[in-house]
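Reviewing the structure listed below.
Read the figures in this text as sums done on the coordinates, not as results from a lab. Computed from a predicted structure; not experimentally measured. FYI the Cβ positions are ideal-geometry reconstructions off the backbone, even for glycines, and counts take in every protein chain you see.
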Amino acid sequence: MQQSRTNRFAVIVAGGSGKRMKSELPKQFIKLTGRPVLLHTLYVFHEFDREIKIIIVLHADYFDLWESICEEYSCSVPHRVIKGGESRFCSVKNGLEAIDNDDGLVAIHDAVRPLVNKQTIKRCFDNAMRYGNALPAISPNESVRITIAGGNKPIDRQNVFLVQTPQVFSVARIKKAYAQKQRPDFTDDATVFEASGGKINIVPGDLLNIKLTTPVDMEFAGIVLKQRKRKE
């Protein structure tokens, strides 16, 4: 007897500004190897699973811009656009509320991580299917220090992780977690989930899955995407 397919959703959070990118245009709309960053991210999730239900969370001011981008680049990937909130917490919550089926798994991903690959997405979904959630993370290559009263001290970098997205959760559990009030220590979806009593399952991330923040990041991402294109 064939097993029923697990419902998969993706909430792509695209509410960032262009301040550190030194651009008036929010970084998710800046062109990268010929097309906007957000399109790269959207296509990766669609290529991973043609049946995944994708929700893009945008500031309402950019709805028309996104529509024009989709027309210009003939984007036919099925997705919904949801209005973002005043903070990332509120934007994610809005995106989750747009999911009308609590039976399944949802990946919450930063729009400005277009270098995420299908293998990382699959690893996160597979582990979330088994453990209820998956948090991709990598270990730092550099030495790590923390500040303390009167100075600073080194810590073992083997005990430190750099957290990435997509962070994948049971839809029902992460919706319940986002029913909490927003707190200053909610830095990502995992911290929200933990505050509701959940235990986080860390899985290997990808060194190339960087968050585009500066012009240097854009240059690096362009090189990576061009190399990937040549290998196809």
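With a 10 Å Cβ neighbour count serving as the proxy for reagent exposure, in which order, fewest first, do Val168, Val163 appear?
Ordered from fewest to most neighbouring Cβ atoms within 10 Å, Val168, Val163 come out as Val163, Val168.
How much net charge surrounds Gly132 when only other residues with a Cβ under 10 Å from its Cβ are counted (Lys, Arg +1; Asp, Glu -1)?
Surrounding charge for Gly132 is +3.
Rounded to a whole number of µm²/s, how large is the Stokes-Einstein D of region 8-231 at 20 °C and 1.002 mPa s, given Rh as the Kirkwood radius over C-alpha pairs?
For the chosen part, D equals 118 µm²/s.
Taking a virtual spin label 7 Å from the Cα of Ser143 along the C-beta vector, which residues in region 149-164 bring their backbone nitrogen under 15 Å of it?
Answer for this model: 152-158.
Whole-Hz Karplus ³J(HN,Hα) for region 165-179, in order, using 6.51 cos²θ - 1.76 cosθ + 1.60 and θ = phi - 60°, x for Gly and Pro?
Along region 165-179, the couplings run 10, x, 9, 10, 9, 4, 4, 4, 6, 6, 4, 4, 4, 7, 7 Hz.
Roughly speaking, what is the stretch gain from Thr214 to Met129, that is 0.36 nm per residue apart minus the C-alpha to C-alpha distance, in nm to one decimal?
That pair, Thr214 and Met129, stretches by 27.2 nm at full extension.
Could you work out the relative contact order of the chain, using alpha carbon pairs under 8 angstrom and six or more residues apart, expressed as a whole percent?
23
Where does each of Val171, Val112 land when they are ranked from fewest to most other beta-carbon atoms within 10 angstrom?
If I rank by nearby Cβ atoms, fewest first, I get Val171, Val112.
Quick one: among Arg113, Arg173, Arg130, which has the greatest mean-square fluctuation in a GNM of the chain with alpha-carbon springs under 10 angstrom?
Between Arg113, Arg173, Arg130, it is Arg130 that shows the largest mean-square fluctuation.
Can you say what percent of the DSSP beta bridges in region 8-231, counting only those with both residues inside, are antiparallel? Round to 5.
Counting only bridges with both partners in region 8-231, antiparallel ones make up about 45 percent.
By counting other Cβ atoms within 10 Å of each Cβ, how are Val81, Val216, Val57 ranked from fewest to most?
Val216, Val81, Val57
Distance in nm between label sites at Glu67 and Cys90, each 7 Å beyond Cα in the beta-carbon direction?
Each label point lies 7 Å from its Cα, and together they span 2.3 nm.
Output the pairs from Lys27/Lys83; Lys176/Lys211; Lys118/Lys211; Lys27/Lys181 with a Cα-Cα distance over 22 Å in this structure; if there are none, say none.
Pairs exceeding 22 Å: Lys176/Lys211; Lys27/Lys181.
Skipping prolines and chain starts, which residues have an amide H placed within reach, meaning under 5 Å, of the one on Val81, given they are 5 or more residues away or on another chain?
Sorted by chain and number, the residues that satisfy this are Ile56.
What are the residues whose amide H is under 5 Å from the amide H of Leu32, where those residues sit 5 or more places off or on another chain and H is modelled from the backbone?
Residues meeting the amide H criterion: Val37.
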